[in-house]
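Presented below is the structure to which this report refers.
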Amino acid sequence: MARDIKKLISEMTLEEKCSLLGGDDFWHTKAIERLGIPRYMMSDGPHGLRKQDDKADHLGINDSIKAVCFPAACATTSSFDRDLIYNMGDVIGKECQAENLSVVLGPAVCIKRSPLCGRNFEYMSEDPYLAGEMAAAYINGVQKHHIGTSIKHYAANNQESARMSVSAEVSERALREIYLAAFETAVKKSQPKTIMCSYNKINGVYSAENEWLLTKVPRGEWGYEGFIVTDWGAVNDRVKGVLAGLDLEMPGNTAENDRAVAEAVRAGIVPEEKVDECVERILKVFFDYDDNREEQVFDRAKDHEIAAKIEEDCAVLLKNEGLLPLDPAKKYLYVGEYAEKPRYQGGGSSHINSFKVDSALECSKASGRNVDYVKAFPMDKDALFEEDLEKLIACASEYDAVIVFAGLPDIIESEGYDRKDMQLPASQNRLIAELLKVQKNVVVVLSNGAPVELPWVEEVPAILEMYLGGEGVGQATDRILFGDVNPSGHLAETWPVKLSDNPSFLNFPGNNRRVNYKEDIFVGYRYYDMKEMPVRYAFGHGLSYTSFEISNLRCDKESFSDGETLKVSVDVKNTGSRAGKEVVQLYVSDRNGTIERPLKELKGFDKVELQPGETKTVEFEIDARALSYYAEDLGDWFAPSGEYALLVGNASDRITACGSVKFETKKMLPLHLDVDTTIGELMADLRTAPFVQQMMQSRMAEQNTGEGGISGDAEQDNAMASAMMQYMPLKSLISFGVMDKAQMEGLLQMLKNTVG
Ligand code: BGC
């Protein structure tokens, strides 16, 4: 049914229109019965449904309906598999249709600036390219069913401490390259029906009132068509919000703000067309849902199996000296309560009332594995059961290996606050250390939403990171440990050796009012690479039970330019004896040295499945944007002409196929011409370089008699003179008597004409 939304709006009173810009209750929008507009329900998100009935809250404290908890984003992003996360979105979209939910509140793509952010488990990556690609795939999966998504929290919500008051002080370049880029990709590739703006301020302005953030960038530059909703309770001044481009305030209790908007329209502060536009954007999304209802059944048992399968592709094998996979014919001991009661999701608004949870212990027993179990430590606190520890130490050597299920207690990782450190509970570290004295074959299985320090890493032969793997995590753990599944996840974040290595360490979380993003664009591997700093596990790292070789990088052209694309291919071979999946990663590196840039940045990835001995070709396509940085002066993306390295590998620290390409651009950076412009700046600009070069050469020729130079060697003297001139401003030509003021004015005018 084609609806005439504009006509419908024309039939509304101003009060009715304004009422649609605020929620009715915690999860519903308002109805206008006389016009046949019902209430619409939204729900968290992102990795399953948290549909609440009467006792609603946004902190995940009160109950919600039984639903299926899929792996959290810390896990799903580690799959590096767009199809996998698209399929997860597809299933969640169907569940929403079955439960009459019009929008699911996710995905969450805030960049993992610090390992301490309490919600890192829900966020995707430290890398915006990866986060953007995975978010777009998820959104496309959900929205295929006419269910809206709400990509969040837009923007710079990289900590939970003071999230409602703090101002993220961050450069435009870092915003564009790091903190907005995943939202940009998602908008361009998947048009999320809604964007959820964050609580915090950015450079002093609340996100919910930031015209640049809500209108200029997404609608003006990216072509965003959906509506923008506040995070629950993120409005401070709704009139300012509407003027800035905010559409919907949630949750309910908004009557006063609705009235304020109507009054502002009457007072001529807010043009009525702005309100009409908000209403139109909102109704478009909800009507699309209403007009495309699907007959779906929420089959929890079936979706549970899907959740378990997804997790199989997410777990990351961090270390393996041959102990894994376990031999089903041998005898093993499981240790730690997580073996029996897994930690599989984080706390807060994404918390799901799981329909069923699989533990590794129960799944291993059901699969007929020969496993015993000692609890030894509880899942919810930092404590050891001393008797169990004694028992464990006494019997550990009788087993072929001991599998310790370590992890972070629920209370540590949640919405609303950050972690205080990067450590596992001390009792777990102590247990592992004690155990290693009597049994060398120790496997540590981790359940946590973000990196932890691993004090025993050198002595433990195998470490498997399950992250927060959703309610089917037990099944996936059992199948990976015993080799029914070959692990294929790779890290979507760097694991630093210790917390103080992290680039945000000195500026996290700031105080209640302000946090300075002093590391700027150097977040995650962009920083560790530059500092040549050893890390525990690099971004992109992940092992397999087989081995792969990535080689033979080639490009479809030697050079390309604005508006063209470049195809880069590599061959990937499974050189081991098991089938497996490899994550192939393409990084780009600017070799031109014109501005500080990360050593390399991820610009492509793919996951391929290979039988033993099989080779496949993986192809990437990149364009000028993949080579670009955000040039604040230009107000645009810019890639200087020159050479770029293309680096392909299976981790950011394991690059095995390299190549390079030349890029030509017609874009020019603006050149600010005044007496403080340096000779270096003029020489670096193609428009002014020839003239200045000529001027300097004739100047040097005048001075250079071949004798009496500093080094006595004319070539060296010239090199020294040019190096010194780099930073010499034009005004020094006056002080050194090369020209007078009038001549300088002439020179500047001439340069301005050349630049145009
Ligand atoms: C969270 C959002 C969530 C909303 C509704 C807020 O506190 O930050 O991510 O979608 O509550 O529960």
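The values are calculated or read from the model by the stated rules, or taken from the named source; none is laboratory data. Because the structure is a prediction, the values reported are computed rather than measured. FYI the Cβ positions are ideal-geometry reconstructions off the backbone, even for glycines, and counts take in every protein chain you see. Calculation scope for accessible area: heavy atoms of the full protein, side chains included, ligands and nucleic acids excluded. Shrake-Rupley method; radii C 1.70, N 1.55, O 1.52, S 1.80 Å.
Some notes on this structure:
- Solvent-accessible surface of the chain, taken per residue with a 1.4 Å probe and all protein chains present: 39 Å².
- For the chain, with +1 on Lys and Arg beta carbons and -1 on Asp and Glu, the positive-most of Leu175, Cys74, Leu248 along the dipole: Leu248
- Solvent-accessible surface (1.4 angstrom probe) belonging to Ile310, in square angstrom, nearest 10: 10
- On the principal axes of its alpha carbon atoms, the stretch 72-161 extends 37, 26, 17 Å, with the longest extent given first.
- When +1 charges are put on Lys and Arg Cβ atoms and -1 charges on Asp and Glu Cβ atoms, the dipole computed for the chain relative to its Cα centre reaches about 160 debye.
- In the stretch 607-756, the ratio of gyration radius to Kirkwood radius, Rg to Rh, stands at 1.17 when only Cα atoms are counted.
- With DNA, RNA and ligands ignored, accessible area of Asp636 (1.4 Å probe; Å², nearest 10): 60
- Summed over qualifying helices (DSSP H, 4 residues or more, each -39500 (n - 2.57)) and divided by its residue number, the chain shows a 222 nm mean residue ellipticity of -8500 deg cm²/dmol.
- Residue separation of Lys741 and Glu172 scaled by 0.36 nm, minus their Cα-Cα distance, works out to 201.2 nm of gained length.
- Rounded to the nearest 20 debye, dipole of the stretch 286-414 from Cβ charges on Lys, Arg, Asp, Glu: 460
- Each principal axis of the stretch 317-392 carries a Cα extent, and these read 42, 29, 27 Å when sorted largest first.
- Efficiency of FRET from Cβ geometry, Ser547 and Arg430, R₀ 45 Å, rounded to 0.05: 0.80
- Overall Cα dimensions of the stretch 176-302, principal axis frame, Å, largest first: 54, 37, 24
- The fraction of Cα-Cα pairs per 5 angstrom bin, counted from 0 for the stretch 253-375, comes to 2, 7, 9, 12, 13, 9, 7, 6, 6, 7, 7, 5, 4, 3, 1, 0 percent, rounded to whole percents.
- Considering only the chain, percent of DSSP beta bridges that pair antiparallel, nearest 5: 55
- Directionally averaged shadow of the stretch 176-243, computed from the convex hull of its alpha-carbon atoms, nm²: 4.4
- Extending 7 Å from Cα along the Cβ direction at Arg513 and again at Asn753 yields two label points whose distance is 5.3 nm.
- The stretch between Asp291 and Asp623 holds 115.7 nm of extra length on full extension. This uses 0.36 nm per residue minus the Cα-Cα distance.
- Taking the Kirkwood radius as Rh and the Cα radius of gyration as Rg, the stretch 427-487 has a ratio of Rg/Rh equal to 0.98.
- With the simple spin-label model, which puts each label point 7 Å out from Cα in the Cβ direction, the Lys274 to Asp421 separation comes to 5.0 nm.
- Debye-formula intensities of the stretch 533-600, expressed as log10 I(q)/I(0) at q = 0.13, 0.22, 0.26 Å⁻¹, are -0.60, -1.12, -1.22 (one equal scatterer per alpha-carbon, no solvent).
- With 0.36 nm allotted per residue and the present C-alpha distance subtracted, the Lys616-Met700 stretch has 24.4 nm of extension available.
- Cβ-Cβ distance of Ala723 and Glu643, R₀ of 25 Å, FRET efficiency by 1/(1 + (r/R0)^6): the value works out to about 0.65.
- Computed with a 1.4 Å probe over protein heavy atoms only, the accessible area of Ser367 comes to about 60 Å².
- Cα-based convex hull volume of the stretch 370-435 per residue, rounded to whole Å³: 91
- For the chain, the carbon plus sulfur part of the accessible surface works out to 49%, probe radius 1.4 Å.
- P(r) histogram, all alpha-carbon pairs of the stretch 240-288 included - 5 Å bins from 0, percent: 5, 20, 29, 28, 15, 4, 1
- Inter-probe distance in nm under a simple model that places probes 7 Å from Cα toward Cβ, at Arg259 and Ala301: 5.4
- Residues within the reach of a label modelled at Ala689 (point 7 angstrom out along Cα to beta-carbon, backbone nitrogen below 11 Å), restricted to the stretch 641-655, are 641-642.
- Compactness of the stretch 598-664 was expressed as the Cα radius of gyration divided by 2.2 N^0.38 Å, which yields 1.37.
- What the pair-distance distribution of the chain shows, using all Cα-Cα distances binned every 10 Å from zero, is 3, 13, 21, 22, 18, 12, 7, 3, 1, 0 percent.
- Pairs with C-alpha atoms separated by more than 20 Å, drawn from the list Lys600/Lys662; Lys557/Lys662; Lys112/Lys567; Lys112/Lys188; Lys302/Lys330, are Lys112/Lys567; Lys112/Lys188; Lys302/Lys330.
- Rh (Kirkwood; distinct C-alpha pairs) - the stretch 134-187, Å: 12.7
- Here the peptides 529-541, 661-673 are ranked by packing, the mean other Cβ count within 10 Å, and the order with the highest first is 529-541, 661-673.
- D_trans [Stokes-Einstein, Kirkwood Rh over alpha-carbon pairs] for the stretch 112-241, 25 °C, 0.890 mPa s, µm² s⁻¹: 167
- Near Leu384: Cβ cut-off under 13 Å, other residues only, Lys/Arg at +1 and Asp/Glu at -1. The net charge is -3.
- Of the peptides 515-524, 625-634, the ranking by mean beta-carbon count within 10 Å, highest at the top, reads 515-524, 625-634.
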